[in-house]
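The block underneath contains the structure these notes are about, expressed in structure tokens.
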Amino acid sequence: GVDVVDPGVFEHDSPINVGHWMQKPNTHFFSCKRLVHDGQGIPRYLVVSTTHIMDLEAHKTKLNVAKLKAWNALLDLDKVTFNKKDRQVVTFIFKAKEEGAKPRGYMYVMEEKMLERCDKYIYIYNNYISVL
């Protein structure tokens, strides 16, 4: 079955037990950097499960602990775009959570082979969800 997790359980900056998530079936971790407005890359983990995409920031002192920075349902993923000039840059655009709000976009830099695997799992899981 599908491992559905209630996103209401987690809040922004909630501590996440990375070891617990790494042991879950059909959950994939991708080391990357999140690009922010000034172009700086902040080290993150992008976690792709059968139902969600999480953006985790590794804890500075605790091993296997991360802070939740973004949590989005795969069903809310509207578009994935790749930078033509730099194949390591990807943008995920999610539908707005509230009516009248703007869609949310997140830019990441990831090693190309890892990015291809990440994109593959998102495609597979999104198609799996849409047939349920």
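Throughout, read-outs are computed from the coordinates displayed, never taken from laboratory work. Because the structure is a prediction, the values reported are computed rather than measured. Positions of Cβ are backbone-derived with ideal geometry, glycine not excepted, and every protein chain shown enters the neighbour counts.
With each label point set 7 Å from Cα along the Cα-Cβ vector, what nm distance links residue 88 and residue 102?
If labels sit at residue 88 and residue 102, their model points lie 2.8 nm apart.
Among [x] 12.5; [y] 8.9; [z] 8.2, which is the computed mean projected area of the Cα convex hull in nm²?
From the options [x] 12.5; [y] 8.9; [z] 8.2, the structure gives [y].
Could you work out which residue, out of 116, 98, 11, moves most in a Gaussian network model of the chain, that is, has the largest mean-square fluctuation with Cα springs under 10 Å?
Result for the chain, Cα springs under 10 Å: 98 fluctuates most.
Within straight cross-link reach of residue 60, meaning Cα distance under 26 Å, which lysines are found once same-chain residues fewer than 8 apart are removed?
Output for residue 60: 24, 33, 69.
Checking the cross-link filter: which lysines have an alpha carbon closer than 18 Å to that of residue 79, excluding same-chain neighbours under 8 positions apart?
Filter leaves 95, 97, 102, 120.
Would you calculate a helix-derived [θ] at 222 nm for the chain, using -39,500 (n - 2.57) for each DSSP H run of n ≥ 4 and dividing by the full residue count, to the nearest 500? Display every interim value, and only then the final one.
Numbers: 2 runs with 24 residues, N = 132.
Theoretical 222 nm ellipticity from helices: -5500 deg cm²/dmol.
Which residue, 78, 86, 55, has the most motion in a Gaussian network model of the chain that connects Cα atoms within less than 10 Å?
Evaluated over the chain, the most mobile residue of the options is 86.
If I build a Gaussian network model for the chain, linking alpha-carbon pairs within less than 10 angstrom, which residue out of 95, 62, 120 has the largest mean-square fluctuation?
62
Given axes a ≥ b ≥ c from the Cα gyration tensor, I'd like to know whether the range 60-132 is rounded (a/c under 1.5), prolate (a/b larger than b/c) or oblate.
Details: a/c = 1.35, a/b = 1.13, b/c = 1.19.
Taking the square roots of the gyration eigenvalues as a ≥ b ≥ c, the range 60-132 is rounded.
Take the alpha-carbon centre of the range 87-103, take the same for the range 36-74, and report the distance between them in whole Å.
16
What is the extension gain from residue 113 to residue 22, computed as 0.36 nm multiplied by their sequence separation minus the C-alpha to C-alpha distance, in nm to one decimal? Write down the numbers at each step before the final one.
Numbers: separation 91, 0.36 × 91 = 32.76 nm, distance 1.97 nm.
Taking residue 113 through residue 22 to full extension adds about 30.8 nm, to one decimal.
Setting aside same-chain residues fewer than 8 positions from residue 62, which lysines have a Cα under 17 Å from its Cα?
none
How long is the gain from residue 58 to residue 75 if the chain were fully straight, where each residue apart is worth 0.36 nm and the alpha carbon distance is subtracted? The partial results should precede the final answer.
Working: separation 17, 0.36 × 17 = 6.12 nm, distance 2.56 nm.
Stretched out fully, the residue 58 to residue 75 stretch lengthens by 3.6 nm.
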